[in-house]
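What follows is a single structure, and I will ask about it in a moment.
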Amino acid sequence: MSQKQDNLIVVLDIGSAWTRVLVTDLNEGALRYRGYGMVESAGMRKGMIAELAPAARAVRAASEQAERVARANIDGCVVGVGGPHIRGLNTNGGFELGNRMREITGEDVRVAVDRARAVQWPPDREILHLLPRQFILDDQPGIFDPVGMVGARLEVDLHIATCSGSALQSTVTCANRAGLEVTEAVLESLAAAESTLSADERELGVCLLDIGAHSSDLAVFFEGAVAYTASVPIGGAHFTNDLAVGLQVPVAQAEELKRQYGHAVVTAVPQDAEIEITNPQPQMLRLRLIAEILEPRARELLYFVRESLRHGGVLDALGAGCVLTGGGALLPGMLDVTESQLRVPARTGLPVRLSQMPGELAHPSFATAIGMILYAHRTRVSRAAENNSLRAKLRAIFAASF
């Protein structure tokens, strides 16, 4: 285990059902898969950490698995944040650059963003991301990078993604107790979008719906920028619990029935199809009964998604449709329900393949973890470019002074 931590990018995805640690490294500037660990989550309730000790044990077990596979020591990580406490807000801010037009600098951009982010938040909210949607220079909209341009007034349309401060701190504390230092936190829906959406979809308008165990996170992109983020408190575990109650079977058996025979559209299941189950005695079960239980929950989930999109004013901005990812996206019939409820095309979002990545990771349930890797890599490259630019400017200033 001699790999230097500086070359590693490690992400921690604490889900309601599974805890994942994914390890990659930078090999000549390119991302390369090294290993991953995955264990069943513990100490979780309704998508949030309820008990630190068992949650930390799960994180430690997953990180130890990842260390063995990657043959590297892991001491830091990027964590994902998601769940029903996620909130997003669009805001605007700007300032006059002076009496005469002048060139826009990076500091001007920071001032405009600071003006836009000056919003009164409840004391328990924590800002995760400041995401500029566009800059407006002297009433000219649609500018993505104003640095170097000339004008007299600079404004920014900003999307602010926030989370519960206590939920974020619980995640950080959990990682710390497992021996991991948290270097950055990433909104999980943005991470999933990073690994599943194309540039064309982001430009035309698309909703990324990440269906987890206890909640479903969504992010809408329009004209290449984030337009809306939110969360719906329904996930795959609700489908499983409905089956357990409706069929009067244990939750573990209900989960297996959902995975093997579940369908979100009743009419897609043959009327005479049956299977034999033990409950506790052998009995025959109509497969349509499973779909009759699952379809109402699927329609309820997409109803709340539609209402959330309508509330955010982006329901009519989905020119490229909706992309479903996360473990819950694999339920047969979910795409049909999505298309009928949102009236847009829908597809399943599979994460991009990393170099040397095993095939089992090319699965919707790994979209968030792989997206976090891509996000962290892009952020690292961007910061390195900024530092190099700053050093070049300082060298020029130093040389000019002699």
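The values are calculated or read from the model by the stated rules, or taken from the named source; none is laboratory data. These figures come from a predicted structure and were not determined experimentally. Positions of Cβ are backbone-derived with ideal geometry, glycine not excepted, and every protein chain shown enters the neighbour counts.
Give the residue, chosen from Gln281, Gln271, Gln248, Gln260, that is at positive phi and loosely packed, with under 13 Cβ neighbours inside 10 Å. It would help to see each step written out before you state the result.
Working: Gln281 fails: at positive phi; Gln271 fails: at positive phi; Gln260 fails: at positive phi.
After applying the criteria, what remains is Gln248.
Scan Val305, Val344 and give me the residue that is assigned by TED's automatic domain parsing to the domain that holds Gly236, buried (at least 21 other Cβ atoms within 10 Å of the Cβ) and modelled with pLDDT of 95 or more.
On the way: Val344 fails: buried (at least 21 other Cβ atoms within 10 Å of the Cβ).
The match here is Val305.
Restricting the first residue to the stretch 212-226 and requiring it to be farther than 18 Å from Ala367 by Cα, which pairs with a second residue that is part of a loop (DSSP other than H, G, I, E, B) and at pLDDT 95 or above meet a Cβ separation below 9 Å and a spacing of at least six or different chains?
These pairs meet every condition: Phe222/Gly205; Phe222/Val314; Phe222/Leu318; Phe222/Gly319; Glu223/Gly205.
In addition: Output the residues belonging to the stretch 66-125 that are small (Gly, Ala, Ser) and within 22 Å of the chain's Cα centre (by Cα).
Selection gives Ala66, Gly76, Gly80, Gly82, Gly83, Gly88.
Mind checking which pairs have a first residue in the stretch 160-179 that is in contact (Cβ under 8 Å) with a residue 24 or more places away in the chain and a second that is assigned to a loop (DSSP other than H, G, I, E, B) and β-branched (Val, Ile, Thr), Cβ under 9 Å, 6 or more apart or different chains?
Pairs that qualify, where the first residue is in contact (Cβ under 8 Å) with a residue 24 or more places away in the chain and the partner is assigned to a loop (DSSP other than H, G, I, E, B) and β-branched (Val, Ile, Thr), are Ile160/Val119; Ala161/Ile86; Thr162/Ile86; Cys163/Ile86; Ser164/Ile86; Gly179/Ile74.
Sort out which residues of the stretch 341-383 are hydroxyl-bearing (Ser, Thr, Tyr) and either without any contact (Cβ under 8 Å) to a residue 12 or more places away in the chain or part of a strand (DSSP E or B) (or both), and write them in order of number.
Restricting attention to the stretch 341-383, the residues satisfying the condition of being hydroxyl-bearing (Ser, Thr, Tyr) are 348, 355, 365, 368, 375, 379, 382.
Selection gives Thr348, Ser355, Ser382.
Test Ser170 against the criterion of being out of contact with any helix residue (DSSP H, G or I) (no Cβ under 6 Å at 6 or more places or on another chain) and in the same structural domain as Gly321 (by TED's automatic domain parsing), and give yes or no.
No.
Which condition number in (1) farther than 30 Å from Arg299 by Cβ; (2) surrounded by fewer than 22 Cβ atoms within 10 Å (Cβ to Cβ); (3) not charged (D, E, K, R) is the one that His159 fails?
(1)
Suppose the filter is aromatic (Phe, Trp, Tyr) and under 24 Å from the mean Cα position of the chain (by Cα); does Phe135 pass it?
no
Follow-up. Of the residues that sit in the stretch 311-337 and are in a loop (DSSP other than H, G, I, E, B) and among the small types (Gly, Ala, Ser), which one is surrounded by the fewest Cβ atoms within 10 Å (Cβ to Cβ)?
Looking only at the stretch 311-337, we keep the residues that are in a loop (DSSP other than H, G, I, E, B), and these are 312-314, 318-321, 326, 331-333.
Then keep just the ones that are among the small types (Gly, Ala, Ser); that gives 312-313, 319-321, 326, 333.
Working: Gly312: 18, Gly313: 12, Gly319: 15, Ala320: 21, Gly321: 19, Gly326: 29, Gly333: 19.
So, considering only residues that are in a loop (DSSP other than H, G, I, E, B) and among the small types (Gly, Ala, Ser), the one surrounded by the fewest Cβ atoms within 10 Å (Cβ to Cβ) is Gly313.
Another question about this same structure. Can you pull out the residues in the stretch 111-151 that are part of a loop (DSSP other than H, G, I, E, B) and acidic (Asp, Glu)?
Passing the criteria: Asp124, Asp138, Asp139, Asp145.
Hey, can you tell me all the residues within the stretch 254-295 that are assigned to a helix (DSSP H, G or I), without any contact (Cβ under 8 Å) to a residue 24 or more places away in the chain and of a type outside the set (Val, Ile, Thr)?
Across the stretch 254-295, the qualifying residues are Ala254, Glu255, Glu256, Arg259, Gln260, Arg288.
Only one residue in Gly327, Gly321, Gly349 is within 21 Å of the chain's Cα centre (by Cα) and at pLDDT below 95, so which one is that?
Gly327
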